[in-house]
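Participant: The structure that follows is given in the form of C-alpha cells.
The values are calculated or read from the model by the stated rules, or taken from the named source; none is laboratory data. Keep in mind that this is a model prediction, so the values were computed, not measured. Cβ placement follows ideal geometry from the backbone for every residue including glycine, while neighbour counts extend to all protein chains displayed.
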Amino acid sequence: MRWLLGAPETWGDEICFAIPVSLKEDGPRATVEVGDLGYWPPGRAFCIFFGPTPASRGDEVRPASPVNVFGRVEGDATVFRKVRAGTQVRIEGAETAEANRRIHEDFSRHGQRQGAGSPSEAGS
C-alpha cells in the first residue's frame, strides 16, 4: 500500500491530509498517543499524531475534536516534526516499505532486479 497524500496541514505536532472519504465517528477518542494514526470526521482528514497540539493540556496529545484511531506509526513518529505545511508527503504501509527495501538490496547486489530480463532478451 502506498499513498501520495499531497500537502498536509500542520497543527502543533499533528499533520492532517484532506482525503476524499466521508466516515462517521467510530469509537472516537478525545486524546490519542504519540504515533497514532486517525481519521478526523469533521475535517474528512487522515491525521498523524506525534506530540502535543494547541488543544493539549500538559503532555497529552489532543486532536481538535475526537478522531477514529485506526493504526500506528512504526518507529519514531517524532520524525514528522520535520514536515512543514505544504510539503509533499508519501505514506507507505510497512509491507510496501519492506518490499522496497528488499528490491533495493537485490538491485545493489546484482545490478538489476532478479527475474527482470534485459531489453535485448525480450525479442528472443
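Participant: Name the single residue that is modelled with the lowest pLDDT among those in the range 23-32 being surrounded by fewer than 16 Cβ atoms within 10 Å (Cβ to Cβ) and of a type in the set (A, V, I, L, M, F, W, C).
Facilitator: Top of the filtered list is Leu23.
Okay, residues lined up against (1) within 15 Å of the chain's Cα centre (by Cα); (2) among the basic types (Lys, Arg); (3) within 12 Å of Trp11 (Cβ to Cβ):
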residue: Arg29; (1), (2), (3): no, yes, no
residue: Leu37; (1), (2), (3): yes, no, no
residue: Pro41; (1), (2), (3): no, no, no
residue: Cys47; (1), (2), (3): yes, no, yes
residue: Ser56; (1), (2), (3): no, no, yes
residue: Val61; (1), (2), (3): no, no, yes
residue: Ser65; (1), (2), (3): no, no, yes
residue: Arg72; (1), (2), (3): yes, yes, no
residue: Arg81; (1), (2), (3): yes, yes, no
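Participant: Something else about it: Condition test on Ala77, is it modelled with pLDDT of 90 or more, of a type in the set (Gly, Ala, Ser) and more than 12 Å from the chain's Cα centre (by Cα)?
Facilitator: No; evaluated as a whole, the condition is false for this residue.
Participant: So in the range 59-97, with the set limited to residues that are farther than 14 Å from Val32 by Cβ, out of contact with any Phe, Trp or Tyr (no Cβ under 9 Å at 6 or more places or on another chain) and without any contact (Cβ under 8 Å) to a residue 24 or more places away in the chain, which one is surrounded by the fewest Cβ atoms within 10 Å (Cβ to Cβ)?
Facilitator: Among them, the one singled out is Lys82.
Participant: Here's something else I'd like to know. If you check Arg90 against the conditions, is it assigned to a strand (DSSP E or B) and at pLDDT below 90?
Facilitator: yes
One line per residue, one yes/no per condition, for (1) small (Gly, Ala, Ser); (2) at pLDDT 95 or above; (3) in a loop (DSSP other than H, G, I, E, B):
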{"position": "Val21", "(1), (2), (3)": "no, no, yes"}
{"position": "Val34", "(1), (2), (3)": "no, yes, yes"}
{"position": "Pro52", "(1), (2), (3)": "no, yes, yes"}
{"position": "Ala55", "(1), (2), (3)": "yes, yes, yes"}
{"position": "Gly58", "(1), (2), (3)": "yes, no, yes"}
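Participant: Six or more apart or on different chains, Cβ under 9 Å: which pairs go from a residue in the range 26-50 that's in contact (Cβ under 8 Å) with a residue 60 or more places away in the chain to one that's among the acidic types (Asp, Glu) and buried (at least 17 other Cβ atoms within 10 Å of the Cβ)? Could you list them?
Facilitator: Pairs that qualify, where the first residue is in contact (Cβ under 8 Å) with a residue 60 or more places away in the chain and the partner is among the acidic types (Asp, Glu) and buried (at least 17 other Cβ atoms within 10 Å of the Cβ): there are none.
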